[in-house]
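Worksheet for the structure shown next.
The values are calculated or read from the model by the stated rules, or taken from the named source; none is laboratory data. In this text, all values refer to a predicted model and were calculated from it rather than measured experimentally. With ideal geometry, Cβ positions are generated from the backbone for all residues, glycine too; neighbour counts draw on all protein chains shown. Protein only, heavy atoms only, side chains kept; ligands, DNA and RNA dropped before computing areas. Shrake-Rupley method; radii C 1.70, N 1.55, O 1.52, S 1.80 Å.
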Amino acid sequence: MSFRKFSLLLIFLSLIFSSCRQEVVIKEVEKTVYVETEKPIYVDAESGESYNWMVDLSHLLIRQTAEKKDIWIDGKKTESYLCKVDLTDSFTRLPKTGEIVKIFWKGYSDKSISKIQFRLVDNNTETANWGQVLSDKFAANDIAANEDFNIEYAFTFTKDPIEKVIIQIVYASELQDSPATFTLSGLLSSKNYSFTLSPSGEPVVNPHKGFVQYAWSSNYIDNIYWDATLASGKNEAWDYCSVVYTGAGWASIQKGKNEYDWSLIDNLLRLCAENGRTLGWRIYPVNSSAKEEDNPGSGEHVPQYIYDEGCPFVEATIKGTDKTIRVPDWSNPIYIQACKDFAAEMARRYDGDKRVEFIDIRSFGNWGEWHCSQLIGSEMPSDEIQKDMIAYYASVFRTTQLVVPSDCKGDVLEYAYSLGVAKRNDGLIQIKDRELDLAKCYEAGLPAIGENCDVYKNLLKLEDKDRYHLKWTLERWKQAINVSHMSYYELDREACARDFFKENADSIKEMNNKLGYNFEVTSANLKVDENNNCELTVKIKNTGLAPAFFDMTLIADACDALGKRKFQLGSSKYIKKASFADGDEKTFIFYANFQPLCKGDFICLGLYEDAASSEPNIKFDNTNTLKNNKLRLGEL
């Protein structure tokens, strides 16, 4: 009878060494040494023996009927059972003659086994009942029913495999009425498990949300002599920031028509990535605050080549002063095209870069804020031109989140929302009801970004004389976060963030988990039946103020105590961008058949931005969150 008429249920074989890199691995108690060599070899430090491959069969679960055959064992024709397990995928390449593979198998049988033997073969043709024998034979005796057994043997390849490497398991059971079922040592019996869970009670810093600290140069991050820096470790405020934000004048980036210097952005991107942050930025054409009477050109950031090509300009008077500053004609086609060319080059370099959090559209107005209230003699372009610029940015930035500033309003703002462009509001605390305006961004299904009207120390000096000069209070600060359903909020600027944190640390920690999304597992239950089918039911609540505005994948694993995956439990759960709203509680069910769950295994959950990553990058707001960001639900 052909072997093809029989099948085995094979859960995955764990290959201890599966890297494509060829290495020597020296096993020691606290140390693993890797050395490049011609072929992979394992050296056991205790025995001194070496092996080319190590294959662990301990997750082998055989439940289907084996083939009943008369096999010659020890010179006697014996009624036996034959199982075949394909090991081909356990090797990075097919082994060669003379190479050694060490096999491990820890499990138990539901029947007593008088004899069991193993050998490696190659089923190299579709019609062959027996392929060519690849190794010597190993035999073991007297495996007791329902007791642990351990099998360990090193096979030497006597021939090169042609197509496959298959281990043939032949055994003689004391009871020949049915084949034995081999399962795992310590396999769980039928049972229901309910895991106890609780919120962490601590700030949970996660990607794509939370507090933002400003850095106007790389010195704000890597200068060890200034206590406002991240690298110095002296500014605890950085520990609660997931995003860094910067700004620059346009001409400092673009030196000529096709000449760019992105070093400021690139250096900050590198430093942010090294320190587990992402970067957002604004690049603006005019900054009236930087105008100095004795410094011609100060505060003027439109690249000179634009004027050389014929773009007209005005000498606008800075409100409340005698100073003037050169401002372009915002409606001029030369200026408009230059803005678009710059956007296209910026998108070419950075769209989709995972280190980039968001980018402001700052084409028009003072500080690029889409207003000319401080520039007497200059006027904003028409709504149609503003919409056209937003549409162009949206056409070249297909992945990275775009943001329009506070004074983008009315129909233009609604148009921006329709294209998925979010809003930053930079007038919080000082100007009454600005948080109500920012809440409309949240209502449009986009991340709301907040920035105070001034730095903390200056806002404290205000005296509430009118609706445009409100003093900073803790109540107003919390209100700005809660009412707007904010996803990102400026912690503060420069060294002020340090001072602000020192005076408000408890409140910052309290509101940290309110900003944006915050996922808490509220309950988890596991059912295991007599056939080792399992059903894991998990409830998760978003206790933050906004959805997560990016795609995620939820994965359940059987793990060791440190959260290292033994195998995945059921299928992954895809969570679409913005689909898990604040306040929602969702139920996820993981079904898995014939899972080799054992006593001492841990059930873990992970939230991944990239499901292919080895570890999740999104933390749950629960106790028992491990260093690799997985949540350990409990031990079996």
Residue-count net charge about CYS598 - beta-carbon cut-off 13 Å; Lys, Arg +1, Asp, Glu -1: 0
What pairs from LYS291/LYS319; LYS527/LYS619; LYS68/LYS115; LYS191/LYS599 go past 19 Å between their alpha carbons? LYS527/LYS619
Jot down the radius of gyration and Dmax of the stretch 256-300, Cα atoms only, both in angstrom. 14.7, 42
Restricting to the stretch 198-341, compute how many DSSP beta bridges are antiparallel as a %, nearest 5. 45 percent
List the GluC sites (Glu not before Pro) in the stretch 507-540 that DSSP assigns to loop (not H, G, I, E or B) and whose Cβ has at most 13 other Cβ atoms within 10 Å. Which are they? GLU530
Can you tell me the dipole magnitude for the stretch 478-636 around its Cα centre, using point charges on the Cβ only (Lys, Arg +1; Asp, Glu -1), in Debye to the nearest 20? 160 debye
Heavy-atom accessible surface of the chain: percent carbon and sulfur, 1.4 Å: 46 percent
Taking the Cβ of GLU615 as the center, what net charge do the other residues with Cβ under 13 Å away carry, scoring Lys and Arg +1 and Asp and Glu -1? +2
Using DSSP to call loops (not H, G, I, E or B), can you name the chymotrypsin sites (Phe, Trp or Tyr not before Pro) in the stretch 422-516 whose Cβ has at most 13 other Cβ atoms within 10 angstrom? TYR468
Run through all the Cα pairs of the stretch 534-593 and give the fraction in each 10 Å bin from 0, expressed as whole percent. 21, 44, 30, 5
Within the P(r) computed for the stretch 298-438, what percentage of the Cα pairs occupies the region above 25 Å? 30 percent
Mind checking which lysines have their C-alpha under 21 Å from LYS159, skipping anything on the same chain fewer than 8 residues away? LYS39, LYS84, LYS96, LYS102, LYS137
Angle between the Cα long axis of helix 263-274 and the longest principal axis of the chain, 0 to 90 degrees, nearest 10? 40 degrees
Counting every Cα pair in the chain, what percent are over 45 Å apart? 39 percent
Sites LYS502 and GLU345 - FRET efficiency at Förster radius 35 Å, r taken between beta-carbons, to 0.05: 0.25
So what is the relative contact order of the chain, in percent, for Cα pairs below 8 Å that sit 6 or more residues apart? 11 percent
Which listed pairs, of LYS106/LYS164; LYS440/LYS576; LYS432/LYS539; LYS457/LYS509, have C-alpha distances above 28 Å, in listed order: LYS432/LYS539
DSSP-assigned coil residues among GluC sites (Glu not before Pro) in the stretch 409-468, each with at most 12 further Cβ atoms within 10 Å: GLU463
Projected-area mean, the stretch 454-524, by convex hull of Cα positions, square nanometres: 5.9 nm²
For the chain, what proportion of DSSP beta bridges, expressed in % and rounded to the nearest 5, is antiparallel? 75 percent
Could you tell me what % of all Cα pairs in the stretch 476-590 have separations over 18 Å? 63 percent
Contour minus Cα-Cα distance for LYS457 and GLU152 (0.36 nm per residue): 102.8 nm
Alpha-carbon Debye profile of the stretch 400-519, log10 I(q)/I(0) at 0.10, 0.13, 0.20, 0.21 Å⁻¹: -0.30, -0.50, -1.11, -1.19
Against the longest principal axis of the chain, how steep is helix 496-512, in degrees 0 to 90 to the nearest 10, with axes from Cα atoms? 50 degrees
If amide hydrogens are placed 1.01 Å from N in the peptide plane, which non-local residues have theirs closer than 5 Å to the one on PHE364? TRP370
Contact order normalised by residue count of the stretch 414-480, Cα under 8 Å, 6+ apart, percent: 35 percent
Once fully extended, how much extra length lies between GLU293 and GLU259, figured as 0.36 nm per residue of separation less the alpha-carbon to alpha-carbon distance? 9.4 nm
With every protein chain kept in place and a 1.4 Å probe, the chain has an accessible area per residue in Å² of 45 Å²
